[in-house]
Amino acid sequence: MENDYQKHAGGFLLGLIFYLMLAGTAAAGREKTFDLFAFRNAAEAPQAWKACNGSPAVTCEPGGIRFPGLFGANNNRVYWDRTVSLDLRGYDLLEFDLTCTQPDALRTFGLYLKSGDGWYLWLTPLKESGRQSLIFSLKDAAVEGKPAGWDAISAVRISLTTLRQGYGGQATAITAHGLRARTCELLIVQGTLSLANAGEKTYARSMALRISHWLRDQGMVHSVVDDDAVVADRLKSAQVAILPYNPQPPGKELRALESFIKQGGKLMVFYSAEPKLAELMGLKLGSYQAAKVTGQWSSFAFNKHAPALVPEVVYQDSANIFPAYPADKDSQVIAFWQNSAGKELTDPAWVQSPHGLWMSHVLLDSDAVNKQRMLLALLGAYVPSLWEQSAARVMARAGKVGPFINLNDAVTGISRMARGTATEESVNALLARCDQDYNIMSAALAKRKYTEVVETGQRLQTTLVEAFARVQRPKDREFRGVWDHTGLGLYPGNWPKTARILADAGMRAVFVNVLWAGLAHYDSQVVPQSEAVNRYGDQLKQCVAAAHANRLEVHVWKICWNLSNAPESFVAAMRKAGRLQVTDTGKELEWLCPSHPDNVALELKAISEVLNRYPVDGIHLDYVRYPDDNACFCNGCHRRFGQWLGEKIPDWPRSTQSGNLRGKYNAWRSEQITAFVRAVQMQARNSGAPTSKRVRVSAAVYPEYPGCINSIGQDWGRWLKEDLVDFVCPMDYTVNNGAFKNLVQRQLALANAGGRVFPGLGVTAMESQLTPDQVIEQIRQTREAGAGGFVLFDLNRTLEFDVLPALRMGLTRP
């Protein structure tokens, strides 16, 4: 079937899209395009781009230069150099426009800029197929040698590396279309001066990176600076500055922000504790509030005063807020918080004034798609050119669902998958609607109606994902689990509702997080009970009853050793008894030491309590490891390692971190964890559990095996081989389907792994945010690899409203 995408994608329209991406948006800041990939005849290209170290020659293609990724048996890198003379002073970033149809074959794409006796460089994996724009911030460039400065760029190098030496997979290449430098009118200010300690600064960095990732995914060009840059007057060329987590800016930064506002600049502030900043924005800062109950602030709903095109509701479970309020009639609340039951509260989530926007918490990683759309609508109201940028991005990504790289590929592939099935007619109707929407987008783009392009593109993508979901087929006897991190279900106090939602979506097991090393969400006599027990009752009892009524298995998600949410009195008691882990520098960690006999006994006693009182289907071990390779070096470990080794340990702990003792100490650490897993398995098999079904033992494990043996003491390959666990769930959290596939294949190749590896998908993990079609594709890959099932992280509104409905259409259809 020839669709309208096929008719037009190769001509005027695609050229217009990337003209907008590389040569449009004049209102978006100063920019300069470099003519590096256009030649009058094909022979000029390999003369300008010199192939180095035996690399193949470049070739001309329509619209660009092809750099072939052909790697030799002893060469996993190819690269090319071109002599230039560039001055990049005053620019914020570089945009590289390229196409790659087989990104899975590459490890990294590298851009190098020679300056004097050194190089500025960026290395990045290519995470998607097809045409794309890579953003490189000048301030984030790595350095080799001694560069002479950004005003003395004398050569450009393009480098490709493959996954492994002598890669023999599919041929790959990148086609380079354009490179430009630009300044940005949209800035993210990473907190530095506004924070008191290193831990807070690390958190601030993660908040800035999260918002940057979301803006980039929507095509919104921006730059990331820091508090110091604000003080140095970096905002003078910007229109909007985002403060993702800058709680207490010092006086000199407040003066710079005041100057920015007086010049007409707008701020988007998150979770600030500075009343003077609120006053600058025409707002009044309220007081800090901590949630009294779980789910108190579970989402926020925008009202009629909000800018056009914001989502109606955005989901986010916040444990605390620091609200601001309108100080006069020129400011107003544009979104209020809602609780987990959907009831609107009086607490402001977003307030708008003539000087910008203020949110009462940081943006957490849940409901990523709606938050991206929210940011576009809010920021686009101040910087209209952002809609133009996003429109170009939407057009370029139209049709990229699952394994497909464009709309033509998707329509052809999905239509083929539907042929001869009961869903063929309905799926073809959905695909026809996609063609119609693509025509609407094309016409709107030509007329520069950018908001219409974005809106229609979102609708097209939703329709195409539905078509992709409906052509999938369910699989019998497949393990389908969901991790519930809160341990309270989707609706605290209403486990029957959560269980019905999971069962109706075709899920078969819930991993309920009710037992930590120092806290329980049930009536425990071994570890302290949580406040949730007092408010909602015994969560494990309620979960088991509701789940079993809906034919769902219940696996108790047991957090081992970690005391991060234990009552302070419990932690203090463990500290006094010398039972906490200690780093190589002597820093105490709020983790129980796995080699301490009393800690092992405590963990086993808590598990025994569960096995003897509740008819659970499994015990699921998490954090069954050390924090990293810098623990534990407590006095008890010193003594017990020496006893195990049968000799005195000189120069503790330094002697265990290098030389012969290092390997022995790593082996001893992993043995502590393996011995604990063995004890849990014996306990489960010999327990008098109130069920006729054998309780299975499983573990959430690090994906990179065997590297995790030495890094965290987690030898889960051995656990499979020696039958110490019934199955493992590697946390294969990545948005890169090629990397995911490679992980799963290597995990299933381990001894005794057949039918016992259920990959964990990071639907809403910090490391990955998967769209419904990405979830579908990764489940397809687990099946193709021969895995016995999968587990989804995490049970939340994104999973409930976006992912589970898509799975139920096909992959998990009853």
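Values as computed for the structure displayed
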read-out	value
Amide hydrogen neighbours beyond the local backbone of Thr101, cut-off 5 Å, H modeled	Gly130, Ala173
Spherically averaged projected area of the range 447-513 from its Cα convex hull (nm²)	7.1
Distance-filtered residues of the range 147-161 - backbone nitrogen under 14 Å, label point 7 angstrom along Asn74 Cα→Cβ	none
Neighbour-limited loop hits for GluC sites (Glu not before Pro), the range 578-653 (at most 10 other Cβ within 10 Å; DSSP other than H, G, I, E, B)	Glu647
Quotient of Cα Rg and 2.2 N^0.38 Å for the range 640-761, N being how many residues it contains	1.25
Computed helical MRE - 222 nm, the chain, DSSP H runs ≥ 4 contributing -39500 (n - 2.57), nearest 500	-10500 deg cm²/dmol
Computed log₁₀ I(q)/I(0) - Debye formula, equal Cα scatterers, no solvent, the range 304-359, q 0.17, 0.23, 0.26 Å⁻¹	-0.56, -0.99, -1.19
Dimensionless Rg ratio for the chain, taking C-alpha atoms and the 2.2 N^0.38 Å reference	0.99
Tail weight of P(r) past 14 Å, computed on alpha-carbon pairs of the range 745-808, percent	56
C-alpha center-to-center spacing [the range 99-151, the range 60-90] in angstrom	11
Estimated vicinal HN-Hα couplings, Hz - the range 424-434 in sequence order (Karplus 6.51, -1.76, 1.60; Gly, Pro = x)	4, 5, 5, 5, 4, 5, 5, 5, 5, 5, 5
Surface accessible to a 1.4 Å probe, Leu770 within the full protein complex, Å²	10
Extension gain from Asp723 to Arg500, taking 0.36 nm per residue of separation minus the Cα-Cα distance	76.9 nm
Dimensionless Rg ratio for the range 401-481, taking C-alpha atoms and the 2.2 N^0.38 Å reference	1.27
Cα-based reach from Lys276 at 29 Å (exclusive), listing lysines while leaving out same-chain residues under 8 positions away	Lys201, Lys236, Lys252, Lys262, Lys266, Lys284, Lys292, Lys304, Lys329, Lys371
Trypsin sites (Lys or Arg not before Pro) within the range 358-467: DSSP coil, no more than 16 neighbouring Cβ in 10 Å	Arg419, Lys447, Arg448
Radius of gyration and Dmax over the Cα atoms of the range 490-591, both given in Å	16.6, 51
Length-normalised contact order for the chain - Cα pairs under 8 Å, 6+ apart - percent	9
Computed Kirkwood radius, in angstrom, where 1/r is averaged over Cα pairs of the range 188-322	16.1
Directionally averaged shadow of the range 114-236, computed from the convex hull of its alpha-carbon atoms, nm²	10.6
Largest to smallest principal axis extent of the C-alpha atoms in the range 61-122, angstrom	39, 29, 19
The chain, accessible surface, carbon-and-sulfur percent (1.4 angstrom probe)	49
Cα centroid separation, the range 704-736 to the range 350-409 (Å)	37
Value in Å of the Kirkwood radius, where the range 646-690 supplies the Cα pairs that are averaged	12.7
Amide proton proximity set for Phe37, modelled H, under 5 Å, gap of 5+	none
Extreme residue, positive dipole direction of the chain, given options Leu257, Val527, Ser318 (C-beta unit charges)	Val527
Overall form of the range 29-154 per C-alpha gyration tensor (a/c, 1.5; a/b vs b/c)	rounded
Rounded to 5, percent antiparallel among DSSP beta bridges of the range 164-320	30
Alpha-carbon spread of the range 223-266, three principal axes, descending order, Å	22, 22, 16
Net dipole in debye of the range 502-621 [+1 Lys, Arg Cβ; -1 Asp, Glu Cβ; about Cα centre; nearest 20]	100
When the convex hull of its Cα atoms is projected in every direction, mean area for the range 534-652 (nm²)	9.4
Translational D in µm²/s for the range 260-312 (Stokes-Einstein at 37 °C, 0.692 mPa s, Kirkwood Rh from C-alpha pairs)	233
For the range 411-543, convex hull volume per residue from C-alpha positions, Å³	172
Bins of 5 Å from zero: percent of alpha-carbon pairs in the range 331-432	2, 9, 12, 15, 13, 11, 11, 11, 9, 5, 2, 0
DSSP-defined beta bridges in the chain - what % are antiparallel, rounded to 5	65
Extent along principal axes [Cα atoms of the range 594-662; Å; largest to smallest]	49, 21, 16
The chain - accessible surface per residue (Å², probe 1.4 Å)	40
Mean Cα-pair separation over length for the range 50-99, i.e. relative contact order, pairs under 8 Å, 6 or more apart, %	34
The range 570-715, relative contact order in percent, only Cα pairs under 8 angstrom and at least six apart counted	32
Scattering curve values for the range 105-164, log₁₀ I(q)/I(0), Debye with Cα scatterers, q = 0.13, 0.19 Å⁻¹	-0.37, -0.72
Where a label projected 7 Å from the Cα of Lys252 along Cα→Cβ would reach, residues of the range 222-246 with amide N under 19 Å	225-236, 246
About the Cα centre, charge dipole magnitude for the range 293-422 (Lys/Arg +1, Asp/Glu -1 at Cβ), debye	580
Total charge dipole magnitude, the chain, about the Cα centre, Cβ charges on Lys, Arg, Asp, Glu only, Debye to nearest 20	980
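The values are calculated or read from the model by the stated rules, or taken from the named source; none is laboratory data. These numbers were taken from a predicted model, which means no experiment stands behind them. Heads up, the Cβs are rebuilt from the backbone with ideal geometry, glycines too, and the neighbour counts pull from every protein chain shown. Areas reflect the complete protein model, heavy atoms only, side chains present, ligands, DNA and RNA absent. Shrake-Rupley method; radii C 1.70, N 1.55, O 1.52, S 1.80 Å.
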